[in-house]
Structure formats: C-alpha cells, structure tokens
Amino acid sequence: MRSTWVPNHPEPTAAYLAGTRHPGWEKPSEVAARFEAAISRHRRTAGERRLVVVPHGMAMTRRLAHIGRLSDPVAFWRRPTFPDHVHIDLTGDTGVE
C-alpha cells in the first residue's frame, strides 16, 4: 500500500480512532493485531529485562481500544505531547497510566 500525505491529519485520525473507516487505511483490527505481534516478539526477546517500546501513538491507541482498555480512544490519543510517555503494564494487561 502506498501512503499519501494527509495535510490536516488530526481530524481524520480522530475520526478513524472513533470508528470511521478511511479508504486505503488499515482496518482497526489489523493495526491492533500488528501492534500485538510486535510487542509479543519484543517481549520474547527481552525475556526478564525491562522492555521499552516507542510506538506510533495511533497504533498503540488502536490496540488499547481493541482490547477494551480505553473508554475514549480519541481523548487518549490527543492527550500526550512531545516529549511525553505512557506507561502500560503488560503483566496481564492490567493498566494504562
């Protein structure tokens, strides 16, 4: 798939996170599955060591929404500023801070 520039990306991105499908964009379930597969792969590699991941905010938001951890994906996606971080407890997928 070839990417195209979206000049006012916050608006279509917020709509996508709220459930709007855009032609040419990945299905939300595909983004969530791709993100989960990457995290699982890195967790196996890290073993017992601390794992720090710097993901694309939209992919992380899609995954958390997919597993029911966000009541408002758009608000979560809009909240962080640069530089900022989010701590997600992956031990049992129990928390988002």
> Any idea which residue in segment 1-12 is surrounded by the fewest Cβ atoms within 10 Å (Cβ to Cβ), counting only those that are closer than 22 Å to Pro80 by Cα and either in contact with a Gly (Cβ under 9 Å, 6 or more places away or on another chain) or at pLDDT 90 or above (or both)?
Replying inline: Glu11
> Can you name the condition, by its number, that Arg69 falls short on among (1) touching a helix residue (DSSP H, G or I) at 6+ places or on another chain (Cβ under 7 Å); (2) not in a helix (DSSP H, G or I)?
Replying inline: (1)
> Looking at (1) surrounded by 10 or more Cβ atoms within 10 Å (Cβ to Cβ); (2) assigned to a helix (DSSP H, G or I); (3) over 15 Å from the mean Cα position of the chain (by Cα), which is the one condition that is false for His22?
Replying inline: (2)
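Okay, residues lined up against (1) at negative phi; (2) of a type outside the set (Lys, Arg); (3) touching a residue at least 60 places away in the same chain (Cβ under 8 Å):
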site: Glu26; (1), (2), (3): yes, yes, no
site: Phe35; (1), (2), (3): yes, yes, no
site: Arg41; (1), (2), (3): yes, no, no
site: Glu48; (1), (2), (3): yes, yes, no
site: Val53; (1), (2), (3): yes, yes, no
site: Thr61; (1), (2), (3): yes, yes, no
site: Asp72; (1), (2), (3): yes, yes, no
site: Trp77; (1), (2), (3): yes, yes, yes
site: His85; (1), (2), (3): yes, yes, no
> Can you tell me how many residues in segment 25-39 are surrounded by 11 or more Cβ atoms within 10 Å (Cβ to Cβ), within 23 Å of His85 (Cβ to Cβ) and not basic (Lys, Arg)?
Replying inline: 6
>> When you check Arg34 against the structure, is it of a type in the set (Lys, Arg), out of contact with any helix residue (DSSP H, G or I) (no Cβ under 9 Å at 6 or more places or on another chain) and farther than 19 Å from Val74 by Cα, yes or no?
In response: no
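The values are calculated or read from the model by the stated rules, or taken from the named source; none is laboratory data. The shown structure was predicted, so the numbers you read here are calculated from the model rather than taken from an experiment. Here the Cβ is made from the backbone with ideal geometry for all residues, glycine too, and neighbour counts use every protein chain on show.
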